[in-house]
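Below: the structure, in structure tokens.
We did not get these values from a lab; they are worked out from the coordinates using the rules stated. Predicted, not measured: the structure shown is a model, and the values here were computed from it. We place every Cβ from the backbone using ideal geometry, glycine too, and count neighbours over all the protein chains shown.
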Amino acid sequence: MRIPLLSAFSGVAGAGLRVLSFTLCSLSLLPSVSGADDDKEELRDLFFGAAMYYAHQENYFDAIVALDNELAQYHRLDEPALDPFSNHLGQAEFSVGDLELSYRMHREAGRAIEAVLKGNVSQEVRNEAAYRLAKIHYHKQQPLNALHALEMIEGRVPLRVRADEQFLRARVFMELGRLEEAVELLKDLKGEESLEGFVEFNLGIAQLKSGEEARGVLELTALGKRHSGDPADQALYDKTNLLLGSHLMEAGELQLARPYFDRVNLEGPFSNRALLGAGWVEARAGRFDRALVPWRILQNRKGTNESVQEVMLAVPYAYGKLDVHSTAAIHYGRALDAFGREIDTLTASINSIRQGKFLEALRRKEATQVQNWVVALRNLPEAPETHYLLDLMASNDYQEFLRNYRDLNDLYERNKEWLKSLAAFEDIISARRAYYEPLLPQLDEQFRTLDARIKLRMEQRDQFSSRIEQMLVSRRPEYLATAEEQEARLQLLQLHKQIARNPKGFTEQSRSRVERLQGILDLRLSTEYHQRLTEAYKHLQALNAEIEKLQTVYRSYVRSRQAATHSYTGYNKDIQRSRAQIRSAQQRLEMLMARQGSMLEALAVEELERRRSQLESYQIKARFALADSYDRANELQEQREDQRKIEQHREAQPETLPEQNPPELEAPESENGLQEQSLEAQPETLPESNPAELKVPESENGPLEQGGQPQADQPEILPENKSAERQVSEAEGDKA
Amino acid sequence: MFRILQIALLLLLAAAVNAQNVSRDDIRGLDEQIQDVKKDVIDLTATLAQLEEKLLFPSNTQVALFVSVADEKPFELESVEVTLNGEIVAHHLYTYREIESLQKGGVQKIYTGNVQAGGHPLQVRFIGKTPSGKEYRANASYQIDKAVGPKFVEIRISGTESEINFKDW
């Protein structure tokens with residue numbers, strides 16, 4: 001069973017960014033989670049396990065290098081089937097594709113998987129390869145190619161990727177506008193644990209887009225009503241509610257929209273936009289006092305957030321609508337101060353980016369080792385205000401750029417280390433040469449002497465061996481005589497010759513004695529022949545053992561001698577070539593880093609400038625609105641002053657007014673003065689933060705009154721409610 | 001000369017990107033070049049790693065030790081100490097990701113070194129705990145018999161059984 005690599009990869013991301021960007025990346029990575037708890041496969045090759053050790057830690061580079069190495073070695077073998085790596089071959093080839101995909105090497109991953117597809121593999125393996133190829137095309141935003149790859153699947157898909165394959169197919173259909181088919185597939189996938197939440201989310205979106213409005217709303221409503229302790233799951237539910245709330249608000253269904261905004265978790269990443277949306281629902285319905293409840297909560301949040309900045313204008317706008325112009329003026333004043341400060345910060349940030357501080361901060365290794373490293377960047381000296389860049393940095397493209405930039409930087413640093421290592425290798429080589437070269441000639445001389453002796457002994461052994469073999473075929477007792485016997489035999493032979501030459505020179509007794517001795521010798525050699533042959537054979541065996549030891553020492557010496565030579569010869573060319581290749585790669589890396597860095601900087605500056613111009617536009621609106629509020633407040637003040645004078649005058653008059661007063665003298669007191677006081681007092685009674693107010697059940701909202709739209713007398717101070725539009729468009733984009 | 005011109009042209013292009021909005025074609029072109037350079041550096045690193053191994057750890061003296069975790073039950077390895085020939089050659093404290101990787105079947109190459117042919121005493125000690133906080137530790141000895149070829153030994157840790165097994169590969 002294969003180790004599901006991507007499942008391991010999908011789990012970890014910077015916690016801060018993870019929440020923000022989960023909708024962007026988790027949908028694509030999540031399908032691989034299905035096999036996360038699969039049993040461990042029995043390891044047949046140690047080095048495959050070592051490569052997986054890197055892979056499971058998302059150390060893609062080292063994992064690819066290790067697997068590539070193993071695959072290259074395997075393919076160079078004469079009999080690869082004997083290598084234990086062959087047990088993991090298919091898995092390794094898939095894994096390389098997976099790892100390359102994770103390392104954003106789509107082309108290589110595609111080639112690796114296409115090679116598997118063309119290979120002689122089972123249909124099931126082919127289907128999995130087709131699925132992976134489709135996933136690559138989908139990542140590359142080529143849904144049509146993804147569909148072609150999926151169409152290559154025939155028959156059974158391996159169980160561990162079956163749900164993922166269906167989910168991918170559904171998303172491809174959604175991309176291609178084949179919404180009905182997507183809906184059918186997603187309906188079948190409901191209940192799939194590994195895809196829980198994401199199926200419903202996509203199903204709801206597909207239904208909404210395919211015209212099944214009511215079903216889509218129902219589906220998303222059911223999803224949005226869920227709660228989870230897991231921040232990622234909860235963020236999905238919050239996003240669903242935000243999406244639906246915004247959708248309904250845009251559709252004019254104000255009475256239905258508010259509860260969706262209220263369901264969004266007040267601590268979650270979508271809470272700001274939800275609070276803003278909740279306020280706009282009320283404001284659009286003309287209930288500015290109720291709009292102030294969520295807006296006042298939002299107003300006190302982080303001042304760099306776009307929703308917070310928008311609400312800094314929305315709050316005084318609402319007070320203005322409630323005719324509390326003095327409070328409105330105070331809030332406009334605060335907003336102006338805040339906008340001024342933020343514009344200065346943004347200008348400083350833009351300058352800092354242009355000076356290269358941003359890239360410098362991104363290159364720091366320690367930056368990624370802390371949670372919320374993007375936010376932490378701003379704490380570095382002269383680093384830009386990254387709170388403004390969070391949304392940008394959470395986008396898919398920017399994430400890709402960032403990762404590529406960091407990858408390039410990582411490769412550059414690795415190559416730098418290799419250059420240092422090469423220098424160290426050269427030092428080692430020269431040290432070894434200096435040590436061995438004076439020693440080797442003397443050693444070689446001794447070796448040659450020993451080698452001659454060893455060869456002599458080997459020849460002798462071979463001779464004995466061949467004699468013994470001969471004796472097994474033809475009997476040769478004399479070969480088995482001892483040295484004494486050999487001497488005696490030779491003496492007797494000599495005596496025989498002498499007797500033969502001069503028989504009369506020897507007495508009969510002497511001749512008889514020689515014969516007897518010869519007989520004794522022959523008898524002994526003859527009777528002890530088998531025993532002696534056995535002994536000789538045993539001695540030969542013992543000799544062979546000794547010779548084997550000698551040969552082991554001999555081979556060891558030869559290998560050591562070779563190793564000594566190989567430890568310093570033959571490297572120079574390789575090192576020089578490698579050094580040249582590294583330097584060339586470094587030049588390319590520097591150039592690509594500069595280009596990628598420029599893109600990162602350009603996008604960051606663009607984003608900051610957009611925010612700055614937005615704030616400048618808010619500033620202008622706030623200035624006009626502030627002046628307007630002052631005018632209105634002064635007008636009211638004058639009216640009150642006039643009223644006070646009338647009162648004083650009235651009190652100074654001793655005589656009572658005629659009973660039949662003209663009605664115009666009483667009207668201002670009741671309609672203007674009291675109303676003004678009550679309205680001025682009203683904001684004070686509004687709770688600063690009242691989460692309970694946000695959790696109003698649907699029934700409490702009741703139907704909205706018609707004609708409750710914002711009046712057209714102050715449109716110029718009202719920031720456009722862009723957030724809601726953006727939410728919808730972003731949410732639609734999230735299915736990718 | 002051509003290279004200098006090429007770099008100058010690309011730097012101009014880079015400056016142009018800075019000045020203008022980033023276009024899709026720019027992004028695609030750059031992405032492909034990044035993929036190419038990644039592939040080249042991967043190949044180069046593989047070659048360099050082989051060169052390093054050949055130079056520093058020749059096969060006749062090479063010994064490599066690997067750590068794996070056998071537990072099916074949840075067990076978090078905290079540290080491993082390896083002593084070879086009476087000398088501590090490796091001491092590793094595990095990060096969360098490393099533990100997770102071992103649990104998923106990864107094998108850590110904890111030590112690579114050089115020894116002469118013959119017998120070499122190896123001692124391994126580990127400390128770890130279960131999610132409930134119960135601590136487990138053990139140590140074990142093994143004899144590495146180094147022959148002419150490279151020697152690979154797997155140190156398999158069964159944490160909750162306080163057991164260490166060795167396997168020659």
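Using just the Cα positions, wrap segment A:260-369 in a convex hull and report its mean projected area in square nanometres, one decimal place.
Details: hull surface 34.5 nm².
Average projection, Cα convex hull of segment A:260-369: 8.6 nm².
Between A:GLU590 and A:LYS504, how many nm apart are label points set 7 Å from Cα along the C-beta direction?
11.6 nm
Does anything in segment A:533-562 have its amide N under 20 Å from the 7 Å Cα→Cβ label point of A:THR449, and if so which residues?
Answer for segment A:533-562: A:550-551, A:553-555, A:557-558, A:561.
When the convex hull of the C-alpha atoms of segment B:105-162 is computed, what volume per residue in Å³ does it have? Could the numbers behind the result be given before it?
Working: hull volume 5.4 nm³, N = 58.
Dividing the Cα hull volume of segment B:105-162 by its residue count gives 94 Å³.
Please work out the C-alpha center-to-center distance from segment A:394-455 to segment A:154-211 and express it in whole Å.
Spelled out, the Cα-based centre of one part sits 52 Å from the other.
Provide the per-residue ³J(HN,Hα) series for segment A:415-431, in order, calculated from phi with Karplus coefficients 6.51, -1.76, 1.60 and θ = phi - 60°, each as a whole number of Hz, with x at glycine and proline positions.
4, 4, 5, 5, 4, 5, 4, 4, 4, 5, 4, 5, 4, 4, 4, 5, 5
Treating segment A:122-253 as a set of equal point scatterers at the Cα positions, no solvent, please give the Debye-formula log₁₀ I(q)/I(0) at q = 0.10, 0.16, 0.19, 0.20 Å⁻¹.
These q points yield log10 I(q)/I(0) values of -0.36, -0.84, -1.07, -1.14.
List the residues whose amide H sits under 5 Å from the amide H of B:GLU76, counting only those 5 or more places along or on another chain, with H placed 1.01 Å from N in the peptide plane.
B:LYS129, B:THR130
Dipole of segment A:404-528 (Lys/Arg Cβ +1, Asp/Glu Cβ -1, origin at the Cα centre): which of A:LEU521, A:ALA423, A:VAL473 lies farthest to the positive side?
A:LEU521
Let me know the volume per residue of the alpha-carbon convex hull for segment B:53-92, in Å³. Write down the numbers at each step before the final one.
Working: hull volume 4.4 nm³, N = 40.
Spelled out: Cα convex hull of segment B:53-92, divided by residues, is 109 Å³.
Of the listed pairs A:LYS416/A:LYS573; A:LYS140/B:LYS38; A:LYS118/B:LYS54; A:LYS118/A:LYS573; A:LYS239/B:LYS73, which have alpha-carbon separations greater than 28 Å here? Spell out each step's value before the answer.
Working: A:LYS416/A:LYS573 19 Å; A:LYS140/B:LYS38 18 Å; A:LYS118/B:LYS54 35 Å; A:LYS118/A:LYS573 38 Å; A:LYS239/B:LYS73 37 Å.
With Cα atoms farther than 28 Å apart: A:LYS118/B:LYS54; A:LYS118/A:LYS573; A:LYS239/B:LYS73.
At R0 = 51 Å, how high is the FRET efficiency between A:ALA483 and A:GLU42 if r is their beta carbon distance? Nearest 0.05 is fine.
Computed FRET efficiency for A:ALA483 and A:GLU42: 0.20.
Round to a whole angstrom and tell me the spacing of the C-alpha centers of segment A:231-279 and segment B:53-120.
Each part reduced to its Cα centre gives a spacing of 52 Å.
Could you tell me the distance between the Cα centroids of segment A:592-633 and segment B:124-167, to the nearest Å?
Using only Cα atoms to place each centre, the spacing works out to 60 Å.
For A:SER556, what is the net charge nearby, where nearby means another residue's Cβ is under 13 Å from its Cβ and Lys, Arg count +1, Asp, Glu -1? Working shown, then result.
Values: positive: A:LYS549, A:ARG555, A:ARG559, A:ARG561, B:LYS146; negative: A:GLU548.
Within the 13 Å Cβ shell, the charges total +4.
R0 = 22 Å: FRET efficiency of A:LYS187 with A:GLN123, Cβ-based, nearest 0.05? Write out the running numbers ahead of the final one.
Working: r = 27 Å, r/R0 = 1.24.
The value I calculate is 0.20.
Taking every alpha carbon pair in segment A:190-321, what does the distance histogram look like in 10 angstrom bins from 0, in percent?
P(r) for segment A:190-321, in whole percents per bin: 14, 40, 31, 14, 2, 0.
Thinking of segment A:401-569 as a set of Cα atoms, what percent of all their pairs are more than 24 Å apart? Each step should come with its number before you reach the end.
Numbers: 9548 of 14196 pairs.
Counting pairs separated by more than 24 Å, the tail of P(r) holds 67 percent.
Could you work out how far apart the two model spin labels at A:THR552 and A:ALA431 are, taking each label as a point 7 Å from the Cα in the direction of the beta carbon, and quote it in nm?
Simple spin-label model gives 3.2 nm for this pair.
Amide H neighbours of B:ILE110 under 5 Å, at least 5 residues apart or on other chains, H built in the peptide plane: list them.
The list, which skips near neighbours in sequence, is B:LEU65, B:PHE66, B:VAL67.
Can you give the extra length, in nm with one decimal, that the chain gains between A:GLU360 and A:ALA563 once fully stretched, where that is 0.36 nm per residue apart less the Cα-Cα distance?
Numbers: separation 203, 0.36 × 203 = 73.08 nm, distance 4.59 nm.
Fully extending the segment from A:GLU360 to A:ALA563 adds 68.5 nm.
Before rounding to the nearest 500, sum -39500 (n - 2.57) across all DSSP H runs of length at least 4 in chain B and divide by the residue total; then give [θ] at 222 nm in deg cm²/dmol. Could you put the intermediate results ahead of the total?
Numbers: 3 runs with 59 residues, N = 169.
Computed mean residue ellipticity for chain B: -12000 deg cm²/dmol.
In nanometres, what is the gap between the two model label sites at B:GLU135 and A:LYS573, each 7 Å from Cα along Cα-to-Cβ?
5.8 nm
Against the 2.2 N^0.38 Å scaling, with N counting residues, where does segment B:31-98 land? I'd like the Cα-based Rg ratio to two decimal places. Mind showing how you got there, number by number?
On the way: Rg = 17.9 Å, N = 68, 2.2 N^0.38 = 10.9 Å.
Against the empirical 2.2 N^0.38 Å value, I get 1.64 for segment B:31-98.
If you project the alpha carbons of segment A:564-657 onto the principal axes, what extent comes out on each, in Å, largest first?
Taking max minus min along each principal axis of the Cα atoms, segment A:564-657 gives 129, 26, 10 Å.
Convex hull volume of the Cα atoms in chain B, per residue, in Å³?
Numbers: hull volume 32.1 nm³, N = 169.
Cα convex hull per residue, to the nearest whole number: 190 Å³.
Can you compute the FRET efficiency between B:GLU53 and A:ASP337 using 1/(1 + (r/R0)^6), with r the Cβ-Cβ distance and R0 = 60 Å? Round to the nearest 0.05.
On the way: r = 65 Å, r/R0 = 1.08.
After rounding to 0.05, the efficiency reads 0.40.
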